[in-house]
Amino acid sequence: LGGGHWCGRSASAEAMAEEDDGPPQGVIVCVRLRPLFTTRPDGTPAREANCQRVVEMEGQNEKGVGSAVTKIYDPNDMEAKPREYAFDRSYWSCDGFMEDPDRPGFNIPDSPNSKYVSQDMVWNDIGQVLMKNALGGYNCTVFAYGQSGSGKSYSVVGYPPNVGIIPNTILSLYAVVDGNSDPNIRYQVEIAMLEVYMDEVYDLLEPRKKERDKLKVFMNKGEVFVYDPKDRKNMDKIWRAAKDHNQAENFRLLGDANRSVRATGMNPSSSRGHTIFMVRFRKEANNGVVWVEQMRSKLSLVDLAGSERAHDTGLTGIGLEEGIAINQSLTSLGQVLVSLCKGERVNYRDKLTQLLSESLGGTAVTIMIAALSPADINYNDTVSTLRFADNAKKMPVKIKKQLDPTAQLIDDLKKENERLQQQLAVLGGEGAADAILGDKAASEQKLQEAESRLKEMEVAYQIMEAKVQQGGRVRIAPLIIKVEDKQKIEALDAQISELQAELARVGPDSDEGRAKQGQLAASVQQRGEVEAEANRAAEEAQLCRKGELQAVAAEAAGRKQQSQEMALQLDAQIQQQQQVIQEALANGQDASAEQDQLQALSQQRASLDEEFRRAVDEEMHAVESILETKLIEIEAISRNVEEVRRQVDQARESGVVDAEQEQTLARLEEALVAARQDFAASEGQASAVGIACTFRAAALALDKEASVAEAKRLHDGVERLGKSGAADSDEFRERLTAEQAAVSKAQGAE
């Protein structure tokens, strides 16, 4: 950078000028300067007590709040020309603020001429860009970068009442959801929160335990997927449906409580991992037939752990290893930015860059907040942060709206239709008009076909197709197999493995090999029979527990609600106690007793969070078991229906009408319809505990199985009529037509 640079508006600033016309085609780079930390909360001098400020911001930003130029002076020569940088936003939050008289604890500018930028001003500035594009169907990412203790978490999360971007994002999303009064429009919001710690990914919404489950990351066609290797088929395991603002905020607080935090010489609550808070937002409209997706987007709000120097943090052992891992991942992130700016092939080699690859790859609206320390002792780290931000604004970005492939086709065809309409209005020649009318008719036909396809596809919208394609039904919860049955299956597995090894040794063509093949086939068959019998016993036991499971789910939901209400009360008490302590310290009074009370309240709050997590887990597992029980009931009724229907069909073909059997079949079919409707009505319950996609996969597999069974039954009936010489009868033709329709339906379920 030499002595720095100042070239007027940056390339990304020019892109910002087009924000009103569409998504910004460039990274929006913001820098924010925190205050000098001169005193600790206990009144003793802090690390920066004797430091001078080496960062200044000047001028007025053309678009949005803040300054135009950021300058940094060399502390060894303050008279020398400073390095100058021009970013899209330069937020001065260093001084010039006061407490808002109307909102105790909230910081606002202390005069009309103050440069101070508050949390609300930051949100009203870049939050507008974020929400406008997220609600427009574009993926959005906000990430904060800077050294440890530079104020990243303050901008991203904040603290009451000075809340940051994540709490404001949740609030704004649910303002849209709660403000919807159209019965034909619905919104779905799902929350996920991840931590990258020591280059491993963990789910922060899972209960914290000593050995946390490591998650895997993979990329497909520019999209990032995170999954549990122990449950590979459930690609949505990290996502939790949030029905309202309180539930979403509780998820955030739960994830925040589970973060890895350690006190260091630079920050008393230093994040030891990178935190990623994600929101999936979807808007659907009812077209009279099905719910059709109109818009979807994903917001990723990233609080990067701060870069740090070992001699400044004073850490050793595991703390030192954490710092090394943080610095390595941030170095990889910087190398990715350099490669992108040069147009080179990018290697997303660590977990952090893999998770951010959607944004770094240029397919999301990306906002970067570079957090700066004003202190001279942090000069080198601040220069490094400014260089990183300068590289980020050069990163190429091409934003794409997130649409379902069929919805994208419909959108393109509608645009083509509008183009042809305009041409028809302009051209008056009869031949030209006829040609355009021909193109228009073809375009309209394609549009109708695409809309028809969309209606069919919405039945299976965004579910786990892989599970359905396996042919078996999807289990929502595992069966509880008896210990003795498990031991039998394990013994047979060992026997099968031993026979396979012996067969490989002697060869299949020898006499001994043929004998082993027979033994192997018998063992495999026996294993299947034992497993089937064990599953039947487990299903019967599951059916007996239905009432118990419903009681467990209701009790857990009640505890969860009670925990949320008590948490709100405790939060109010904690906030009030903090204000009392601040006033006491400001007046030079002893606040030891109040601090002890605050510590006790904080411990109660932590215990309450743990109770909330337990209740969430218990409710989810109970609901999973309840839904699995409903599936078992449907399967049992279906088997009875098939058996009685087979008997009725055989009787009819023999010319006999068994009235009692007919009535039994009718009652069973009614019971099957009722059971299916009861299962379908459980979608809201499944969504509330975060298993919506698993539920949809199970429902689709159920429909597929029913369609295939119906097609097979009709086919068997048609074959029997054909063999009986009734191939020309009206009944044969009716059954043949019904069979063809059932086969088409079954193929559609595939």
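The values are calculated or read from the model by the stated rules, or taken from the named source; none is laboratory data. None of these values were measured; they are calculated from a predicted model. Heads up, the Cβs are rebuilt from the backbone with ideal geometry, glycines too, and the neighbour counts pull from every protein chain shown. All accessible areas refer to the heavy atoms of the entire protein, side chains included, with ligands and DNA or RNA removed. Shrake-Rupley method; radii C 1.70, N 1.55, O 1.52, S 1.80 Å.
A few comments on the model shown:
- A single member of Glu643, Glu670 is under 23 Å from Ala538 (Cα atoms), of a type in the set (D, E, K, R), at pLDDT 85 or above and surrounded by fewer than 18 Cβ atoms within 10 Å (Cβ to Cβ), and it is Glu643.
- Hits in segment 37-68 - residues which are crowded, with 16+ Cβ neighbours inside 10 Å and under 37 Å from the mean Cα position of the chain (by Cα): Phe37, Asn61, Gly64, Val65, Gly66, Ser67, Ala68
- Of all residues assigned to segment 656-677, at least one qualifies as being over 30 Å from Pro478 (Cβ atoms), without any contact (Cβ under 8 Å) to a residue 60 or more places away in the chain and of a type in the set (Lys, Arg).
- Any hit, segment 606-628, residues being surrounded by fewer than 18 Cβ atoms within 10 Å (Cβ to Cβ), among the basic types (Lys, Arg) and free of Cβ contacts under 8 Å to residues at least 12 places away in the same chain: no
- Segment 572-585 residues that are within 12 Å of Gln597 (Cα to Cα), paired with ones that are open to solvent by less than 70 Å² (accessible area, probe 1.4 Å) and in a helix (DSSP H, G or I) (beta carbon under 6 Å, 6 or more apart): Gln573/Leu601; Ile574/Leu601; Gln577/Leu598; Val580/Glu594; Ile581/Glu594
- Only one of the numbered conditions (1) in contact (Cβ under 8 Å) with a residue 60 or more places away in the chain; (2) buried (at least 19 other Cβ atoms within 10 Å of the Cβ); (3) not β-branched (Val, Ile, Thr) is not met by Pro104, and that is (2).
- Taking segment 187-243 as the region of interest, the strands (runs of 3 or more DSSP E) fully inside it that hold 2 or more residues being within 11 Å of the chain's Cα centre (by Cα) are 223-227.
- Which numbered condition Ala541 fails, given (1) over 24 Å from Glu619 (Cβ atoms); (2) assigned to a helix (DSSP H, G or I): (1)
- Arg272 vs. criteria open to solvent by less than 50 Å² (accessible area, probe 1.4 Å), in contact with a strand residue (DSSP E or B) (Cβ under 8 Å, 6 or more places away or on another chain) and either at pLDDT 75 or above or among the charged types (D, E, K, R) (or both): yes
- Residue list for segment 340-355, filter: modelled with pLDDT of 80 or more, open to solvent by 20 Å² or more (accessible area, probe 1.4 Å) and of a type in the set (S, T, N, Q): Gln354
- Count - residues of segment 567-589 that are out of contact with any helix residue (DSSP H, G or I) (no Cβ under 6 Å at 6 or more places or on another chain), assigned to a helix (DSSP H, G or I) and open to solvent by 60 Å² or more (accessible area, probe 1.4 Å): 10
- Only residues that are open to solvent by 80 Å² or more (accessible area, probe 1.4 Å) and more than 17 Å from Ala68 (Cα to Cα) were counted in segment 111-123, giving 1.
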